[in-house]
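Participant: Structure in structure tokens, see below.
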Amino acid sequence: MRDTRESRLLLVLLIAIAFALITVDIRGGEDSPVDGARQAAATVFGPVENGVSAAVSPLGNAIEAVRDSDGRHSRIAELERENAALKAKLGSDDRNRSRVRQLDQMLKKAGAGQYGIKGAEVIAIGAAQGFSWTVTIDAGANDGLRRDMTVLNGDGLVGRVTTVGPSTATVLLATDPDFTVGTRMEKTDELGFASGRGDRNLAVQMLNGKAKVKKGDRMVTFGSQADKPFVPGVPLGEVVKVDPTGGDLTRTVHVKPYVSFTKLDIVGVVVEAPRTDPRDKVLPEPVQPKPTPTVTVTVTPPGPGEEGEQGQGADGQVPSGDGAAQDGAQDGAAQDGAAQDGADPGAGDAQQPQDDQE
């Protein structure tokens, strides 16, 4: 349509009519004169609107999904990060509780033995030096560590320091075959030397071949000269087996160490030895054996009537033992009768002189 004067007049006329209808519709309210026309238009154009909407809706949803996809992916990524952080926090909380427990036990051991310790964490297993049973800890010369220092944890003896770097150190474990430590038995003070045997129990050579050793006896470290490499009194383990002497001058016993060498985490390096030997003070409290329950059986003796019934046999006869007793009673009665017979003649003789005098 070309832009002419007539077209402009028509547009103005249509706009004026539209405003007039709107004004009439608003003033009429519910009784608007154009209400019928509105209903007729709704009847005609309603189905057309629904069809167009159904056809265009998937396209609109797709466009909206594309528009919101970046936000959704960002939200999913954020939720995944939150879940990962929560899982890490839960895991770290469990580990922290375990580490706090280990540290508390180690500090109690150090307090009981008056050991000055430097706490450290096991960060690696094995070392480049070629030792087969070693661990690396995150403390070194900068922390005051030196070679040949005792290493312990909350359970007992872990090993000794063999190599020291600026910030790390290598610890030779007590299970290493090249490891040897002097031992002292609880209460009896019998001395020996413990050697590592890998994943097996420690072997202890008792200096006294006639030493009285039994299963369950406990041992601690004897200590070294100048307290290097071992300080005294560190718990070592319990005797689980005693080999026969066989006439040898020494005696071999097998000791299960207190430390679980496959679960090392928090350890302490003794940087200051105790002033006096703690002896057996650092040993854990002995486990008290559980009392064995006993059963008491009470037997009620039979009554007098029951005894009489038990004294007779099934046929009502008296057993042989009772019969013998009855025969003895009859013999006694016969003897009493004979004594009475012997007494009667004497009585008659005593009356004889009196008759003569009359």
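The values are calculated or read from the model by the stated rules, or taken from the named source; none is laboratory data. If you're wondering where the values come from, they're calculated on a predicted model, not measured in any experiment. Cβ sites come from the backbone with ideal geometry, for glycine too, and all protein chains shown count toward neighbours. Ligands, DNA and RNA are excluded from the accessible area calculation, which covers all protein heavy atoms including side chains. Shrake-Rupley method; radii C 1.70, N 1.55, O 1.52, S 1.80 Å.
Participant: Determine the pairs where a residue that is touching a residue at least 60 places away in the same chain (Cβ under 8 Å) and among the acidic types (D, E), located within segment 173-200, has a partner that is open to solvent by less than 70 Å² (accessible area, probe 1.4 Å) and in a loop (DSSP other than H, G, I, E, B) with Cβ atoms under 7 Å apart, the partner being 6 or more residues away or on another chain.
Facilitator: Sorted first by the residue in segment 173-200, then by its partner, the pairs are E186/D217; E186/D280; E186/L283.
Participant: Please enumerate the residues belonging to segment 142-160 that are under 18 Å from L107 (Cβ atoms), open to solvent by 10 Å² or more (accessible area, probe 1.4 Å) and not in a loop (DSSP other than H, G, I, E, B).
Facilitator: D143
Participant: Collect the residues in segment 192-208 that are assigned to a loop (DSSP other than H, G, I, E, B) and either β-branched (V, I, T) or surrounded by fewer than 17 Cβ atoms within 10 Å (Cβ to Cβ) (or both), keeping them in residue-number order.
Facilitator: Once the filter is applied, which keeps residues that are assigned to a loop (DSSP other than H, G, I, E, B) and either β-branched (V, I, T) or surrounded by fewer than 17 Cβ atoms within 10 Å (Cβ to Cβ) (or both), segment 192-208 yields R197, G198, D199, R200, L207, N208.
Participant: Name every residue in segment 91-108 that is open to solvent by 50 Å² or more (accessible area, probe 1.4 Å) and either among the β-branched types (V, I, T) or under 15 Å from T150 (Cβ atoms) (or both), in order of residue number.
Facilitator: Across segment 91-108, the qualifying residue is only V100.
Participant: Taking the condition of being among the small types (G, A, S), more than 22 Å from the chain's Cα centre (by Cα) and open to solvent by 30 Å² or more (accessible area, probe 1.4 Å), how many residues in segment 242-294 meet it?
Facilitator: Here the count works out to 3.
Participant: Now for a separate question. For the subset of segment 223-240 comprising residues that are at pLDDT 95 or above and open to solvent by 40 Å² or more (accessible area, probe 1.4 Å), which member is farthest from the chain's Cα centre (by Cα)?
Facilitator: Per the stated criteria, the residue is V240.
Participant: A further question on this structure: State all residues of segment 109-131 that are surrounded by 14 or more Cβ atoms within 10 Å (Cβ to Cβ) and free of Cβ contacts under 8 Å to residues at least 60 places away in the same chain; if no residue qualifies, say none.
Facilitator: A127, F131, listed by residue number.
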